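Notes follow the structure.
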């Protein structure tokens, strides 16, 4: 049985001719699943933003089959520093082995990667990684700190 919420949301998107939509991975997976089961295309949507957790590359390209006229954007940020980066998805899939591609850093933010170690890949190659830290006019930080530590690897 379909979840009533996803049916209601999909019906509203169609009835209200929604042109812009944002949400998280879970939200869009549910809409995609429902739309595919019922052969629904959400043609009015022109821009779709997805974020709030790592965004799987395959999901983004599957969304294009339902949001057929939409430009799709991956949004990277946090509650304390929304927006850090944005990526307009093109026709070329990014290699997931390289991590999650979140696009260009927004111009109002400064970013640094504080080294913390190395990741070991299956082929025996070590890649240096660090914690992503940001600062800028829209970044909430404690008074005694200069940078927000995101907790994310880069």
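Tabulated data
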item: Degrees between helix 4-15 axis and first principal axis of the chain (Cα, 0 to 90, nearest 10); result: 80 degrees
item: Given (i) 16.1, 54; (ii) 24.1, 96; (iii) 18.1, 54, the label whose value is Rg and Dmax of the Cα atoms in Å derived from this model; result: (iii)
item: Gaussian network model of the chain, springs between alpha carbon atoms under 10 Å - residue of 15, 35, 81 with greatest fluctuation; result: 15
item: Distance (nanometres) between label positions extended 7 Å along Cα→Cβ at residue 113 and residue 16; result: 4.0 nm
item: Extension gain (nm, one decimal) between residue 95 and residue 62, 0.36 nm per residue minus Cα-Cα; result: 10.3 nm
item: Ellipticity estimate at 222 nm from DSSP helix runs (n ≥ 4, -39,500 (n - 2.57)) divided over the chain, nearest 500; result: -6000 deg cm²/dmol
item: Calculated FRET efficiency for the pair residue 125/residue 82, C-beta based, R₀ 25 Å, to 0.05; result: 0.15
item: Label-point separation in nm, residue 27 to residue 143, each point 7 Å along Cα→Cβ; result: 3.5 nm
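Taken together, the values in this text are just the output of simple stated rules run on the coordinates, not laboratory data. Remember, it's a predicted structure, so these values are computed and weren't measured experimentally. As a convention, Cβ positions derive from the backbone with ideal geometry for all residues, glycine included, and neighbour counts pool all protein chains shown.
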